[in-house]
Amino acid sequence: MSETLRHPEILELARQQGKVSVEDLAGRFGVTVQTIRRDLSELADSGHLKRVHGGAVPVSGVTNFGYEERRNLNQEGKELIGRTCAAAIPENSSIFLNIGTSTEAVARQLLSHRNLLVMTNNLNIANILVANESCEIIVAGGVLRRSDGGLVGGMTNRVVEQFKFDYAILGCSALDYDGDILDFDTQEVGVSQTALSRARTKILVADHSKFERSAPARIGSLSAIDLFFTDHPVGADLSNLCQEWGTDIRLP
């Protein structure tokens with residue numbers, strides 16, 4: 001396959017999987033690893049990918065991917081995270097779920113839970129949970145962000161402040177090497193921070209594609225998180241930090 005045909009497919013694989021590796025791509029296209037390294041360098045030079053150890057990831061920068069694109073990114077990993085997280089949530093619980101495709105995956109796995117109270121600032125999650133007749137749904141009103149069905153702003157914060165949750169389950173856009181939890185929208189960050197302050201147990205759900213992305217706004221640190229659900233083991237340095245902080249990493 002020629003370079004002209006490889007490049008679009010490499011970009012699509014990176015968007016779907018969150019990361020592409022040199023070895024996997026060489027095997028997929030039947031070319032040498034040197035050829036793939038050259039392809040990735042060219043895609044990085046053109047601003048389409050970011051080179052990381054052993055491969056490349058989609059460029060993030062200061063704006064997020066489109067919501068539908070994020071939905072299609074690592075769907076299998078998010079489903080595993082959703083199932084594992086939901087299994088740790090008992091029935092008869094109060095929960096906050098924020099905006100995100102990972103938290104949507106959790107919501108789908110909560111459909112069989114009984115007697116839940118769920119607050120969300122995500123219209124998609126509210127629509128998912130409508131199918132659970134035993135779930136009371138509270139939508140934290142605010143300014144509608146049409147791109148992803150999110151509700152954000154001061155009004156949303158004031159609604160969230162009225163409650164105390166058993167669990168706050170948050171997604172994020174990126175997770176830095178030092179354990180900082182990052183996002184793109186400062187208004188959304190404010191809602192997530194408020195939810196964390198009002199929860200007895202704080203949970204982060206983030207698939208491995210978030211490990212090598214960056215975003216400009218800080219939600220907080222993994223040091224403040226009780227349970228971190230992900231689909232791949234984290235690096236040794238971050239794993240050691242989580243052990244020091246008492247943050248429990250849960251894998252499928």
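Structure notes:
- Any chance Arg158 is part of a strand (DSSP E or B), farther than 23 Å from Ala86 by Cα and more than 13 Å from the chain's Cα centre (by Cα): no
- Residue in the stretch 202-209 that is part of a helix (DSSP H, G or I), on the phi < 0 side of the Ramachandran plot and of a type outside the set (Asp, Glu) present: yes
- Tally of residues being crowded, with 16+ Cβ neighbours inside 10 Å and without any contact (Cβ under 8 Å) to a residue 24 or more places away in the chain across the stretch 194-252: 2
- Within the stretch 1-34, considering residues that are touching a residue at least 24 places away in the same chain (Cβ under 8 Å) and more than 29 Å from Thr101 (Cβ to Cβ), the one surrounded by the most Cβ atoms within 10 Å (Cβ to Cβ): Val31
- When Ala26, Ala44, Ala14 are checked against the criterion of being among the small types (Gly, Ala, Ser) and modelled with pLDDT under 85, Ala14 stands alone in meeting it.
The values are calculated or read from the model by the stated rules, or taken from the named source; none is laboratory data. Computed from a predicted model, the values in this text were never measured in an experiment. Counting neighbours? That spans all protein chains shown, and the Cβs are built from the backbone with ideal geometry, glycine included.
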